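The values are calculated or read from the model by the stated rules, or taken from the named source; none is laboratory data. Everything numeric here is computed off the predicted structure, so don't read it as measured data. We place every Cβ from the backbone using ideal geometry, glycine too, and count neighbours over all the protein chains shown. The accessibility values were calculated without ligands, DNA or RNA, using every heavy atom of the protein model including side chains. Shrake-Rupley method; radii C 1.70, N 1.55, O 1.52, S 1.80 Å.
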Amino acid sequence: MSQRTPRELGQYAQEWARERLQPAALQTAESRYGDASDHERIRLANFGLTTMLDCEARVTASTGFDGWDVLKATRWLAVRSLHRYLSDDGVTNVQRAVRSTMANTIDDAAPDSEFIDGWLKQQPPGVRALLAARSSGWVASLLETVRDADLEAEALKPPPVDGPPMRFYYPGRALMIEARVDGLYGRKNIKGPSAETLLLTVTAPAFVDAILDFEGTAATLASGVAPGFVAAVMPKLGQVHKVAVDTAMIERGLALCERLADLELRSIDGRGATGVARSASFFGCRSCPLSETCSTREEAEAKSTVFGGLQPNP
Amino acid sequence: MSTAEVTLGSVLVELDEAIGTSAYTAADVEDLRSSIDQQLTEAVDVAAIDPSLLPVRVPKGRVTSVLACPAKALADLGGQIEPIHSLRGAVADVAAVVASMSPRKPLELIDVLEGVAAIDPENIGIEMWRASSREEKAEFTEQLTPLSAAIQRTCSGVSLDWVVRPQFTSQAAFAGGRLLATARYDMLLTQPGRPRSGVVVEVKAGDAHSDHRADAFLYALLETLRTGYSPLAIVTVCTGDPAILVEKVTGGVLESAARRLVAASRILIDMVANPRAEAPEQPGPHCTVCPRRTHCSSVSLAVDAS
C-alpha cells in the first residue's frame, strides 16, 4: 500500500474513529457536546489518558474538573505567555511576557473564581509570584530543550490558544477528543510529506510513546490533516522524542481513545471499576477517590517499591 | 564588594561574564556520560535484579546517605522529618523564589506561607501551622519571620533577564534506563536565548554544611548530563555567614561527582538485588542522629574515634 498523504491520513482517521468509537458514542447524548450535561457526555483528553496509563480504575472514579490550582494555572499561563513571547508585539523577555499576560488576565477578570481570570485575581501575592516563576520556567524549558535538540528554535510557533481549539466532535453525539499542543514547528503540507511538528511538554517519560500516539491521533482528527510529526519535549531529561504520524500511529491512538471512552463511560453508567485493571502508585493512590476501598493500594503499601525497592531497616 | 552587600543578583552579574567560557567540551561530557554508563551497566547486569524493582532509583539524598552509612540510609527510609523543620525548609524555598522574581517589596511571612500552601498543600509543616493555636502561630511567626526576611534579602536583585525555575527536577538514565539518577534543585536560573547560562541554586534554612558541597557537585553533574554542557556555578544560599557560597563547575568537580554517583549506585544496586542481606554499617558523626544507635555495633567505634 502506498503511503497516505496528510489529507488522506486525516480522512482515514476520521472514518476509522467514527466506526471504532461508535459503541461508546451511542451511549452519550444525541446532541452537540456543548449542549449535553456532564453525565451525558465524554471528553477524551490528556488528563484522562495519563490517568488511564497510570491506573485504569482511577479513570472510572473521575469526578471531572475540580477547580483551578497552581498546577493547572501554570500551563494555562505559560502557553499564553509563550504566545506573547513568540508573537511580534515586542515582548522579547520571557519574564516580561509572563508578567504582562498575568496582568492583562487579572485586569479583565470576571469576579467568579470558576474561571481562570477570576481565580488568578483572588490569589495572594506569594501564590502569584510562584505561578509566574513556574510559568516562565515552563516557557524557558520548552525553548531550551527545543534549541538543544537542534531543532531551529526560531521556527517555533505558538499553539492556537485564541484560534479554533484542536477538538474532534463525534458527529451527532456528545463525544469529543481534544489534542493538547504546546507549540508548532515547521511547514504544513496537505498533499505530500509534511514537516509540520506538534510539540508537547511531557513530564512522565514512562508514558511518552502512548501520549504521542494519542496526541498525534487527536490532532489529526481535529484538523482532518495529519501533521508530519509529534514531538515530546522532556525538560527533566533534556530530550526531545520525535516520531512520524502514520497509519500505525493513528490505529494505536484510536485504540487508546476506545479504551479511554469505555472507562469514562463507566463513571457515567454505573459500571464503576469492577473488573478494571488496577495499578498502585505512590502519588496516584493518594489522590484517588477509590483509595479507601482499594485492595491494590494496600498491597502497594506493603510492597517495597515505595522506596525504589529498598526495605526500611529496623 | 563587602560580604554584607552580596546578593544573588550581584553573584549573577559576576557569573554573567563567564557565560560560554567553560573549558569542559561537549566531547568531555559525552566521555563522562559513557564512562558512568559503562560502569553502571556492568553493575546492573551482574546484580540480576527482579525486573519489577527496576529502575533502581538513585535520588540525590540517597547518594549522600548510602556513602555515609548504608545501614543508616535504610533505617532513615521509614522516618519522618519534624514538621517545624519541614516548614522552615519550605518557607526558605518559597522566600527565595519570590525574591528572585524581583518583587517591588519583600513579602510578609503570611504571603510566603500562602505560597507554600498552594504548591505543597500536604506539607506536614503547613498542616501543623493550620492546626496550631493563636499563641503557637505567634511563636512560629517569631521563628520564621527572620528566616523569610533573610532569605528574601539574600536572593534579591535578580535581573529579569534570568528565568527562575523553582523545584526543578533533573534526571539522568543509565544502563538502558535500568538506573535513574535524580535531583531536585531548589531553583534553576537560566537566560533564555543564551546557551550555557545555567546556575543551580540550593537554599538552606540553616548554616552551610560540608555535605552541601558534595550535593552541589552532584547537581553540577546531573545538570551537565541533562543539557550537554556544564552549568556556570552551583550557588548555595543559607542563613549563615557568608550567606551565599558559589561553587564554580570545573572538570574536577564533575569527575568527583561521577565517582560518588557510581560508588553510591553500586551500593544501592546491591541493596535492591539482595533485600535480605544485612546492609553494611559505617561509623561516623551521623551515628549520633541514627535511628539504629541503640542497637548498632558501630556506634561504639564512632564514639571511640571521636
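In this structure, the amide hydrogen of residue A:239, modeled 1.01 Å from its nitrogen in the peptide plane, lies closer than 5 angstrom to those of A:234, counting only residues at least 5 positions away or on a different chain.
Could you give the accessible area per residue of the stretch A:161-230, probe 1.4 Å, as a whole number in Å²?
I get 36 Å² per residue for this part.
Given R0 = 22 Å, the distance between the Cβ atoms of residue B:18 and residue B:159 translates into a calculated FRET efficiency of 0.90.
Along the stretch B:178-190 the Karplus relation, 6.51 cos²θ - 1.76 cosθ + 1.60 evaluated at θ = phi - 60°, assigns HN-Hα couplings of 7, 9, 10, 9, 9, 8, 10, 7, 4, 8, 10, 10, 9 Hz to successive residues, with x for each Gly and Pro. Phi angles across the stretch B:74-91 convert, under the Karplus curve 6.51 cos²θ - 1.76 cosθ + 1.60 with θ = phi - 60°, into 3J(HN,Hα) values of 6, 5, 6, 4, x, x, 10, 6, 5, x, 5, 5, 4, 5, 4, x, 5, 4 Hz, Gly and Pro given as x. For the set B:5, B:142, solvent exposure ranked by accessible area (probe 1.4 Å, protein chains only) runs largest to smallest as B:142, B:5.
What full-extension length gain, to one decimal in nm, is calculated for residue A:47 and residue A:7 as 0.36 nm per residue of separation minus the Cα-Cα distance?
Details: separation 40, 0.36 × 40 = 14.40 nm, distance 2.78 nm.
Value of the extension gain: 11.6 nm.
Are there GluC sites (Glu not before Pro) in the stretch B:49-127 that DSSP puts in a loop and that have at most 11 other Cβ atoms within 10 Å, and which ones? Don't skip to the answer; put the middle values down first.
Details: sites: B:108, B:114, B:122, B:127; in loops: B:108, B:122.
Of the GluC sites (Glu not before Pro), the ones in loops of the stretch B:49-127 whose Cβ has at most 11 other Cβ atoms within 10 Å are B:122.
Among the protein heavy atoms, those of residue B:81 account for about 100 Å² of accessible surface (1.4 Å probe, every chain in place).
Return the percentage of antiparallel bridges among DSSP beta bridges fully within the protein assembly as shown, rounded to the nearest 5 %. List each step's numbers first, then the result.
Details: 33 of 50 bridges.
In the protein assembly as shown, DSSP labels about 65 percent of beta bridges as antiparallel.
What is the sum of charges, Lys and Arg at +1 and Asp and Glu at -1, for the other residues whose Cβ falls under 13 Å from the Cβ of residue B:98?
Numbers: positive: A:128, A:134, B:104, B:105, B:153; negative: B:93, B:108, B:111, B:114, B:186.
Local net charge: 0.
What percent do you get for the relative contact order of chain A when only Cα pairs under 8 Å and 6+ apart count?
Working: 489 pairs, mean separation 83.0, N = 314.
Contact order relative to length: 26 percent.
Multiplying the sequence separation of residue B:274 and residue B:25 by 0.36 nm and subtracting their Cα-Cα distance, what value in nm do you get?
Numbers: separation 249, 0.36 × 249 = 89.64 nm, distance 3.90 nm.
Gain on extension, residue B:274 to residue B:25, equals 85.7 nm.
For the stretch A:1-72, the fraction of 1.4 Å probe accessible surface lying on carbon and sulfur atoms is 46 percent. Placing a label point 7 Å from the Cα of residue A:65 along the Cα-to-Cβ line, the residues of the stretch A:24-39 whose backbone N sits under 18 Å from it are A:32-39. Using the Cβ-Cβ distance between residue A:19 and residue A:298 with R0 = 51 Å, the FRET efficiency computed as 1/(1 + (r/R0)^6) comes to roughly 0.80.
Extension gain for residue A:188 to residue A:104 (0.36 nm times residue separation, less C-alpha to C-alpha distance): 27.1 nm. Of the whole protein surface, residue B:169 contributes about 40 Å² of accessible area at a 1.4 Å probe radius. Electrostatic tally near residue A:180: other residues with Cβ closer than 10 Å to its Cβ, Lys and Arg +1, Asp and Glu -1, net -2. Both radii come from the Cα set of the stretch B:129-234: Rg as radius of gyration, Rh as Kirkwood radius; their ratio Rg/Rh reads 1.08.
Top to bottom by accessible area (1.4 Å), largest first, where do A:144, B:139 land? Spell out each step's value before the answer.
Working: A:144 20, B:139 110 Å².
If we order A:144, B:139 from most to least accessible, we get B:139, A:144.
A probe of 1.4 angstrom, applied to the heavy atoms of all protein chains, finds residue A:47 with accessible area near 150 square angstrom. Here residue B:136 and residue B:85 are evaluated by their C-beta separation; at R0 = 22 Å the FRET efficiency comes out at 0.85. Nonpolar atom fraction for the stretch B:108-236, defined as the carbon and sulfur part of the 1.4 Å probe accessible area, stands at 48 percent.
Contact residues in the stretch A:115-133 by the 20 Å² criterion (accessible area, 1.4 Å probe, full protein complex versus chain alone): A:124, A:125, A:126, A:127, A:129, A:130, A:133.
Under a Cβ-Cβ cut-off of 12 Å, what is the net charge of the residues other than residue A:208 that fall near it, where Lys and Arg count +1 and Asp and Glu count -1?
On the way: positive: A:236, A:242; negative: A:209, A:213, A:215.
Net charge around residue A:208: -1.
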